[in-house]
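Input: a single structure, listed below in structure tokens.
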Amino acid sequence: MGPGQAVPEKAYQAARSQYISQAFGLSLTDVARRFDDEYTDLQQMSSADHCVLWCEADAYDQLFLIRTLSTLEQLPARLEIIQVSQIPGVQRLIGIGQLAPDLLAWLWPQRKAVTKEMLHLARQTWAAYCNASPVTLAELAHTAQPSLPCLAPALLRQLQELPGVEDGLSLTERLSLQCISEAGSMTFGQVFTELTDKREPLPFLGDMMFHAMMRPLIDSPTALLIESDPQLEWPRRSLRLTPLGQQVLAAKAYWPNYCHQARWVGGVCIQPGQPHWMIDNHLRPLWRA
């Protein structure tokens, strides 16, 4: 979420810091300082004897992986990765944090050395992700990548954050509206739990990220959701659909025609009322003029 443009590193960090500060209500100075610290730590990996990157199969971790591999100026003496998509006995793997210590120990011997092929793919994919057109990213997403097997499914899921061809909703927005419509009214926390535990095909959002992604549906002058109980902490506030929300969910109205806030999917910007990229039912990008 937020801008991921193909610009020099300092400009990239500045754009990301500005977005995160606004989306999460954080101090711009603090966010920028954290970016600087993280980038410094990342580059210091090059002097390490041995580094292991632990990555889940979701878009958040896979994008972290390709950005890390593509921006390292020099590799550590020994760089390995552990990628987790399925665990025997775990019915729905949401994150490494849910695994018991014995399962983490079981994963450790499965680490693999980072190869030149992985590095090339990471650089190629990160460049595609930061492009203002999603066409190359879609080509990579529809191609199996044996060296990074979790990457293509994560990219396909990320492409679904583009406006859908029929309703203009991202998959996150659509699933959320469906949950609320079926129940009549739900709290933020209930919607997030329902998505994470049941409906989201490849969970990648934290609760604060989810809240930030839902705000435009609430705060727009032509809103899709009504938020009740504003005096409560946001997870306990109730949500219900507006008449426009019901129309959009039924694909009788197109959300970007009403939304008043730009949004980003990597380097792709969807500006309200402007021609933009969208995703069809076969997960192929189309241009809406």
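In the stretch 154-235, Cα pairs under 8 Å separated by at least six residues give a relative contact order of 22 percent.
Put simply, the Cα atoms of the stretch 171-288 extend 40, 31, 25 Å along their principal axes, the longest span coming first. Working note: Karplus 6.51/-1.76/1.60 with θ = phi - 60° gives the stretch 157-168 the couplings 5, 5, 4, 6, 7, 5, x, x, 5, 9, 10, x Hz, where Gly and Pro are set to x. The residues packed around Lys252, meaning those with a beta-carbon under 12 Å from its beta-carbon, carry a net charge of -2 if Lys and Arg are +1 and Asp and Glu are -1.
Per the Debye calculation on the stretch 52-99 with a single equal scatterer at every Cα and no solvent contribution, log₁₀ I(q)/I(0) for q = 0.25, 0.31 Å⁻¹ amounts to -0.95, -1.22. Scanning the chain for GluC sites (Glu not before Pro) that sit in a DSSP loop and have at most 12 other Cβ atoms within 10 Å, the longest stretch containing none of them is 74-232. Extension gain, Ala250 to Tyr39, is 71.6 nm, computed as 0.36 nm per intervening residue step minus the present C-alpha separation.
May I ask for the distance between the Cα centers of the stretch 57-132 and the stretch 159-190, given as a whole number of Å? With the stretch 57-132 and the stretch 159-190 each reduced to a Cα centre, they are spaced 28 Å. Annotation: amide H-H contacts under 5 Å for Leu53 (H modelled 1.01 Å from N, sequence separation of 5 or more, or interchain): Glu80, Ile81, Ile82. Largest first, the three principal axis extents of the alpha carbons in the stretch 129-205 are 42, 26, 18 Å in whole numbers. Within the chain, DSSP assigns beta bridges of which about 60% are antiparallel (rounded to the nearest 5). Expressed as a whole percent, how much of the Cα-Cα distance distribution for the stretch 48-132 exceeds 17 Å? More than 17 Å apart: 52 percent of the Cα pairs in the stretch 48-132.
Over the chain, the reciprocal of the mean inverse Cα-Cα separation, the Kirkwood hydrodynamic radius, stands at 20.3 Å.
Using the Kirkwood radius built from alpha carbon pairs, what does the Stokes-Einstein equation give as D for the stretch 35-191 at 10 °C and 1.306 mPa s, in µm² per second?
Values: Rh = 17.7 Å.
For these conditions, the coefficient is 90 µm²/s.
No value in this document is a laboratory result; all are computed from the given coordinates. Predicted, not measured: the structure shown is a model, and the values here were computed from it. Don't worry about glycine lacking a Cβ; one is built from the backbone with ideal geometry, like all the others, and counts go over all protein chains shown.
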